[in-house]
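What follows is a single structure, written as C-alpha cells, with notes after it.
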Amino acid sequence: MQRGNRPSLGERVARPLAIAVLCATALCLTALARPASAQVFTPLGDPLKGERLFETKGCIRCHRVDGRGGTVGPNLSRLGQQRDLLQLAGLFWNHSPGMSARMQELGITRPVLSGSEMADIMAFLYALNYFDEPGDPVRGARLFREKQCVSCHGSGGPLGGIGPSVERLGDYGSPLLMIQAMWNHGPDMQERMKALEIRPPVFEGSDMADLLAYLRREGKREGLAVPSLVPGDPREGWKLFTVKGCIRCHAVQGEGGKVGPDLSQRRLPQTPSGLAGLLWNHGTRMREIMERLDVPPPTFTGSEVSDLVAYLYFIGFFGPPADAARGRGFFTAKGCVRCHSVNGKGGTVGPDLARSQAVLSPVEAARLMWNHAPLMEARMHELGITWPTLEGNEMADLLAYLASIPGSRSTPR
C-alpha cells in the first residue's frame, strides 16, 4: 500500500487526526537554550509562519514539502530528520553556491532573511518531522497477527478477550494516547504475556505507525470517534521530566542522572509512534532499574504524555554540547582563517569573527551565513579558495570556538 502525501502543516494543525504542532509550538517553537538545570526555554520561531515564508520567499518554487512545490531541488519534507538547527544551517551553507546558480538560471531573486524569518523557517523544517507518516493499515493488520497482539486483543486469537478488542483499541489510535496506555499498563501486559508464554513483541521502523493506522481503521468501522490529541507544551514537559523522576536516570545537556543515556546526545525517534515503540521495547528494563534504585515507576494522565513527548522532541533542536577545541582546528582546516581574523590574527578580507554577531545565537549565525554567502562566494572565487563544507557538528564546534574566545560577544550555549 502506498503511503499518501501528508497535508500542509497548517492543515494538519486543523485536523483532529493529525498530530498538532503542539499548543506551545504552533505559535512559538520552544526549545532548550541552556543546560537542563537552568530550566529555561527560549522562544525561537513559529513553524506556521515558517510555512508561509517557505512560500512567500520562493523556496517552494524549487523544493517540495509534503507533495507541494517544485522539483528543481530536493524534497525537504524530511530535511530536519535527525538534524539539529546548526546541522540544517550547515546544509544551507554547503549547497548555497549551487542554489544561487540555479536561482540565477531561473530568474529567481535569492531571498534575504531576517533573524526572525530564519528562525521561523528552521522551526518549520524541524517541526515537520514531529508528524507521523500516515501508516499502512494493511501492513498493520499483518503485524497485529505476527506480533501476537491478536492473542489477547480481539476474537481472532485463542486467548482473545484478555485485553480490549481490536475495535476498542481504536480509542488509542493516536500515538500519544498509545504511549500513555502502553506505559501505564505495560507491567500488567508483560506479566500476562509471561504467564501465557507469549514473547513480548519488539517494534522497529514504521511498525507502530502501521499498527496505529490499522487500529484507527478498525475503530472507524465500529463507528468510534477518531481520537484527538491533547497539544503538548515542552515547558510543562520539562517539569514532568523532573517530577516524574526521569531526570534521576537520564541527563539532558549533561545535567541529571547517569544510569541511562543523556537524551540530548542520543538521537531519539522523531515521531511519537517511534517513541512509543522505543518505550515499549525498553520498558521492562527501565522498570527493573527503577525498582533497583527505589524509584517509583511513573504513571501518566491527561496531557502529561503529550507535554513530555514535546519536551523530548525539541531537546534535539539545539543539538549536543559543542567542542570548542575541535572548532579551533576547523577554523584553520576549513580555510576560515584565510579571510577572517580572530582578535586581529588571521585574514583581513572578512570581519573579525570574535566580534561578529554570528556568535550571539545559532539562528544569528545561520542568518548571516545565508545572507552573506553570495558575497563570500564571489570573494573566494577571486582568491581561488575552494568553498568549504560543514558536516555533522562542525558548524556547532566552530561557533563554540568563536564564543569561547575572550572578548567575544557570547559564551558557548
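The values are calculated or read from the model by the stated rules, or taken from the named source; none is laboratory data. Quantities reported herein were computed from a predicted structural model and do not represent experimental measurements. In this analysis, Cβ positions are derived from the backbone assuming ideal geometry, glycine residues included, and neighbour counts consider all displayed protein chains.
Please work out which one of (1) touching a residue at least 12 places away in the same chain (Cβ under 8 Å); (2) more than 27 Å from ARG266 (Cα to Cα) is the condition PRO351 fails and give its number. Checking PRO351 against (1) touching a residue at least 12 places away in the same chain (Cβ under 8 Å); (2) more than 27 Å from ARG266 (Cα to Cα), the one that fails is (1).
Quick check on the stretch 307-354: of everything there that is in contact with a helix residue (DSSP H, G or I) (Cβ under 7 Å, 6 or more places away or on another chain) and assigned to a strand (DSSP E or B), which residue is nearest to VAL243 (Cα to Cα)? Applying the filter and picking the extreme gives VAL342.
Can you find a residue in the stretch 26-36 that is assigned to a helix (DSSP H, G or I), modelled with pLDDT under 90, crowded, with 20+ Cβ neighbours inside 10 Å and not charged (D, E, K, R)? Yes. LYS49 meets all of the listed conditions (1) modelled with pLDDT under 90; (2) buried (at least 21 other Cβ atoms within 10 Å of the Cβ); (3) part of a helix (DSSP H, G or I) but one, namely (2). The single condition among (1) more than 16 Å from the chain's Cα centre (by Cα); (2) farther than 24 Å from VAL166 by Cα; (3) basic (Lys, Arg) that ARG266 does not satisfy is (1). Within the stretch 230-261, being assigned to a helix (DSSP H, G or I), among the hydrophobic types (A, V, I, L, M, F, W, C) and surrounded by 18 or more Cβ atoms within 10 Å (Cβ to Cβ) holds for TRP238, LEU240, PHE241, CYS246, ILE247. Please determine, by comparing only the residues of the stretch 343-392 that are buried (at least 16 other Cβ atoms within 10 Å of the Cβ) and basic (Lys, Arg), which one is nearest to ASP84 (Cα to Cα). Among them, the one singled out is ARG367.
Take PHE131 and tell me if it is touching a Lys or Arg at 6+ places or on another chain (Cβ under 7 Å), buried (at least 19 other Cβ atoms within 10 Å of the Cβ) and of a type in the set (A, V, I, L, M, F, W, C).
Judged against the criteria, PHE131 is a match.
THR271: β-branched (Val, Ile, Thr), within 23 Å of SER174 (Cβ to Cβ) and at pLDDT 90 or above, yes or no? So THR271 fails the test.
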